[in-house]
Amino acid sequence: MDLFMSLFKKNPFLTLGLLALVLVGLPAAIFLSQKKAENRSHASATVALSFSPTSSASSPINVAPNGSVTLDIILDPGTSIVSYLKSEINYDASKFQVGSSALQFDPAAFPTVLTQPIYTSGKIQFVLSAGADPTKAIQKPTKIGTLTLTALPVSGDSTPTQITFNSVTQALSIDPKSTPKENVIGSTVPANLLITQNGAATPPTTCANSPSDTMLIIDKSGSMNAASGVSKITQAKAAAKKYVDILAKDPRNKVGLITFSTTATVTSPLTNNFAGVKTQIDNLTASGSTCTECGINKANQELAKSTSSNKKVAILLTDGKANYIEGGTKQYTDVAIPEQKALDAAKAGRAAQGTVFYTIGLGLEINADFLQGIAAATGGKYYGSPTGDQLSSIYDQISQISGKGSITGFVFNDANGNQAYESTESKLSGWTIKLTNSSTGAVQNFVSDADGFNITGICNGTYNLKEVEQNGWKQTLPTDSNGYSIVINNGSAITDKNFGNKQGGNTCSDKKDNNNNGLIDEKDPSCHTDGNPNNPGTYDPNLPEDGNTCADGKDNNGNNLIDRFDPV
């Protein structure tokens, strides 16, 4: 202030001029700063991820059983400057397998691999970086790596399977318009693969869908208005109407519409007026919170009113995490409570009407584990849709299996051998599950992962479900070593067909060669207390093979004496 008064006394006109410049320039600087921040917060999501060669459901890439296919991963940055990519690639582990080096990156694209590929059944996760130097970031369509998959000898495979980028996929840009943590993924395009036999598709499972009563449950919360182009609610409406058109091809089908946000509304009860339901879908607008439980409860109530013998199906589409509960007065920041209530509601619908829930997670802000849990608990299937571009394909896939049977379950380590799964016991990946058609003898093989196994598209009939036991393990569940006998009727959804296995156990009475010496049970020296298979009196069926250290051909106590020559 003293400096200002001194300048004013010496040259009042100059001082007033400087003051005027400050008063005019400061708002302009603030405006430009705000405008820059506004531009940074509205960067376009222009990045596209895809596989090459390109494919579609109608024009898939053919792969022979036990044959391999290599896919290039292409990143098109659009107008972004991509310096970071985190992704998860999903594939069907019942149809394809990958080796420990299946995913190879091009160092010229991303010089740094922050997280080397993590391989779990059906999933490959990785993180890549180009650093902060714009000259090293990706600014044009670039091949970032290659993925090699090997087809399993699957029988009865008649529809393509997709290799997809999961909704956790995230790309960051150092474009001035992008904020540091803004995901600029705009679209992902899956690869479509079909396992063939001698150059042609393997014989299809020929059976029609059973008729269904289907409730479409569509999220219309405010976030569904979000868009980098076409809004999510617009894309959801277009895909749902196409699904109604598919149902309309069988006049025995009925369809209804439930919409939910902070509460849920029966927008259309079950009906075969398919055109009327499409009109109701057209009229949807988005606002409010996300009460997933509300939507499921309304669907349960409507399906309970049906007196038909049709299979009961619900298709839940949401773009966000559940944050409201039935009758609630607040939005939850901790989603655990509303998600649990939604899961309980789905289980109640399954118990009361046998309803099968198919779930679709739209966008990148969903909880895939939550939606997977609803599907697994009711015999359905979960689909991730990073953008609305995949919705029509997903609804089409659901249409092919929703009227057919399904079997779900998991393989677990029954550590205490009590023939029941407990939360402290781990689920086992990589176990082969065989489904045999009792009438035709046709066998299909599936492989368990950390979530279990989900067999869909099964025709009505009688089947045997059995695991392929692994050496060193003893099956505890089911108690019948022949597995489960299952009847699929009217597209039944069979759940909880679990297999328990205990490591070790009484392998001297399981009619198997567990130690690969060509001898089984009473013929194996290690199953006799004296190591003499010709002495029936010393056979102990409760021994584990190789468990009798006096008949294993080893010096187990370090006295240089083996088996019958050892006084111990």
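The values are calculated or read from the model by the stated rules, or taken from the named source; none is laboratory data. Fair warning: this is a prediction, and the values are worked out from it, not measured in the lab. Note: ideal-geometry Cβ built from the backbone for every residue, glycine included; neighbour counts use all protein chains shown. Side chains included, ligands, DNA and RNA excluded: accessible areas come from the protein's heavy atoms. Shrake-Rupley method; radii C 1.70, N 1.55, O 1.52, S 1.80 Å.
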* **Amide H within-cut-off set for F499, under 5 Å, with H built and near neighbours excluded** => F410, V411, F412
* Calculate what fraction, in whole %, of the accessible area of the chain sits on carbon and sulfur atoms when a 1.4 Å probe is rolled over the protein chains. => 52 percent
* Accessible area per residue of the range 369-409 at 1.4 Å probe, in Å²? -> 25 Å²
* Asked: What is the Cα centroid distance between the range 463-507 and the range 353-395, reported in whole angstrom?
  -> 27 Å
* Structure fact -> Counting only residues 5 or more apart in sequence or on a different chain, those whose built amide H sits under 5 Å from that of T188 are L49, T387
* Please express the shape of the range 245-297 as an equivalent ellipsoid: the semi-axes are the square roots of 5 times the eigenvalues of the C-alpha gyration tensor, given largest first in whole angstrom. => 23, 12, 7
* Kirkwood Rh, the chain, all Cα pairs: how many Å? -> 27.4 Å
* Asked: Restricting to lysine pairs 8 or more places apart or on different chains, what number in the range 379-508 have Cα atoms under 26 Å apart?
  -> 21
* Under a point-charge model restricted to the Cβ atoms of Lys and Arg (+1) and Asp and Glu (-1), what is the dipole moment magnitude of the chain relative to its Cα centre, in debye to the nearest 20? -> 2660 debye
* Structure fact -> Counting only protein heavy atoms and rolling a 1.4 Å probe, one gets per residue an accessible area for the range 411-528 in Å² of 46 Å²
* To do: Just check the range 361-444 against the gyration tensor rule for me: Cα atoms, a ≥ b ≥ c as the square roots of the eigenvalues, rounded for a/c under 1.5, and otherwise prolate or oblate depending on whether a/b exceeds b/c.
  => oblate
* Contact order normalised by residue count of the range 272-360, Cα under 8 Å, 6+ apart, percent -> 38 percent
* Asked: Over all distinct Cα pairs, what is the inverse of the mean 1/r for the range 67-143, reported as the Kirkwood hydrodynamic radius in Å?
  -> 13.6 Å
* Structure fact -> The computed P(r) of the range 225-267 puts the percent of Cα pairs beyond 13 Å at 66 percent
* To do: Give me the percent of Cα-Cα pairs in the range 266-425 that sit more than 18 Å apart, rounded to a whole number.
  => 65 percent
* Convex hull of the range 414-544 built on C-alpha atoms - directionally averaged projected area, nm² -> 9.5 nm²
* Per DSSP H run of at least 4 residues, take -39500 (n - 2.57); add these up for the chain, divide by its residues and hand me the 222 nm value, nearest 500 deg cm²/dmol. => -6500 deg cm²/dmol
* To do: Keeping all protein chains in place, calculate the accessible area per residue for the range 50-104 (probe 1.4 angstrom), answer in Å².
  => 41 Å²
